[in-house]
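Just below is one structure, and these are the notes that go with it.
Derivation of every value follows stated rules applied to the coordinates shown; laboratory data play no part. Keep in mind it's a predicted model, so treat the numbers as computed, not measured. Cβ placement follows ideal geometry from the backbone for every residue including glycine, while neighbour counts extend to all protein chains displayed.
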Amino acid sequence: MRLQPYKRIWLHICFCLASAVWGLLGCAKNLNADQVCLKNVCYSVEIAMTQEEQSKGLMFREFMPSDHGMLFVFPVQRPYSFWMKNTLIPLDMIWLDNSRRIVHMEKAVPCTADPCRHYLPSEDALYVLELNAGETDKKAMKIGDQWVFKLDLKDL
């Protein structure tokens, strides 16, 4: 069956409009994304709150955009240990206390063979933020820096 020219044009217009609306909805979702900010720099973050989410973390991922990260949220403040088993992306790990100040930082490299190194902070933390390797140096982050969280209330 062959469509008349005006019907093909109408279908094309409808398809273009639907694509534009879908794209705008995606952009709107990103505008409301969970973010953590330090000074004038913000990172969109995935939140890892459950034990399952925290156990998986960023395992098996081959890429993460430079303005993204993962925020681990724990129920109590203590020295949470991390490792890089099955994590393919080099990371900067940042431990934050209950006031969201940096208490410890590590440059973590993917683990290729057992046993994998464990990264343990020097102080208790309530949050751990994982960013792409090099972000702490690029943004001159230091112990004591205060982060601001812009998170959906359901997250915390």
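With the simple model of a label 7 Å out from the Cα in the direction of the Cβ, Lys85 to Asp152 spans 3.0 nm. Based on alpha-carbon centroids, what's the gap between segment 93-154 and segment 58-84 in Å, whole number please? Each part's Cα centre sits 8 Å from the other's. Modelled spin-label separation between Arg78 and Lys142, with each label point placed 7 Å from Cα along the Cα-to-Cβ direction: 3.2 nm.
Taking amide H as placed 1.01 Å from N in the peptide plane, the amide H of Tyr119 sits under 5 Å from that of Phe82, Trp83, each at least 5 places away or on another chain. Among Asp137, Asp92, sorting on how many other beta-carbon atoms sit within 10 Å of each Cβ, with the fewest leading, yields Asp137, Asp92.
Does anything in segment 72-89 have its amide N under 12 Å from the 7 Å Cα→Cβ label point of Met59, and if so which residues? Label zone hits: 83-88.
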